[in-house]
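For reference, the structure is listed below as structure tokens.
Just so it is clear, none of the values below were taken in a lab; they were calculated from the coordinates. What you see is a predicted model; the values in this text were computed from it and never measured. We place every Cβ from the backbone using ideal geometry, glycine too, and count neighbours over all the protein chains shown.
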Amino acid sequence: MLQPDEIIRSNRKTLSVCIDCFGKLTVRAPRRCDDERIFAFLREKEAWILRQKAKTAGAGIDLPPENLNGYSLSLLGEKHRVLLIGGDYIRFDPETKQIFLPEKNARQRLVKWLKENAKRIFLEQTCRRAKEMQTSFQSVSVSSARSKWGCCTFDNRIRYSFRLLYAPKEVIDYVIVHELAHTKQKNHSPAFWREVEKFVPDYKRKRKWLKDHAILMHIF
Ligand SMILES: [Zn+2]
């Protein structure tokens, strides 16, 4: 039988269930709802719940442990291994895809390194795509946002979450094209999506990938 990880009772009238990107199952229920009704509701939703849980497990992504030595990190869609070392500098071997990370302040150093690389890689690709799309932008910056992969301000300053770096190249490209399309259309109208589709014909698949891998927003 399905067990909820958390039951939140409040002044609501109906039952609802949700699963976050870690597979945690939360039920929201009216204050006076008895357990029997909650379990009946979960049985009713069982197929959907199991499907969602499988999806989370299927992402196959490990959240970073306290000790980062040996941690496998996906960058541009490829597995990289973090190895802790002495000394003061991060070293990266593109051949073996190993990141040699100083033990001291390992986490902060790694995030700083990820942000620097994200900025360089995203800026390069944004310039390339802007030319093809015959548009321009004010600036590209990188943030720690967990709520969105990218955004474009009214005056065309584009910002990306550095965590987008964990996604495959073609997914990153979709987000870049999406933000650049906002320099022409400040909305998500059919005209906006037509513009995206011109440059990323299978953008729907990439959007779905990002949705299915929301867990990446919780790495560092
Ligand atoms: Zn948008």
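Between their Cα atoms, which of LYS55/LYS208; LYS53/LYS148; LYS148/LYS208 are more than 18 Å away from each other?
Beyond 18 Å between Cα atoms: LYS53/LYS148.
Report the calculated FRET efficiency for CYS18 and SER143 (r = Cβ-Cβ distance, R0 = 25 Å), to the nearest 0.05.
So the FRET efficiency works out to roughly 0.45.
Taking 22 Å as the cut-off for C-alpha to C-alpha distance, list the pairs among LYS24/LYS45; LYS131/LYS186; LYS97/LYS211; LYS79/LYS211 that go past it.
LYS97/LYS211, as the Cα separations exceed 22 Å there.
Expected output is a single nm value to one decimal: the length gained when fully extending between LEU83 and GLU132, i.e. 0.36 nm times separation in residues minus the C-alpha distance. What is it?
13.7 nm
Restricting to DSSP H runs of at least four residues, report the calculated mean residue ellipticity at 222 nm for the chain, -39500 (n - 2.57) per run over all residues, nearest 500 deg cm²/dmol.
Taking each H run of at least 4 residues, the total per residue is -12000 deg cm²/dmol.
Given the Cα-Cα distance of GLU6 and GLU116 and 0.36 nm per residue of separation, how much length would full extension add, in nm?
Length difference between fully extended and current span is 35.7 nm.
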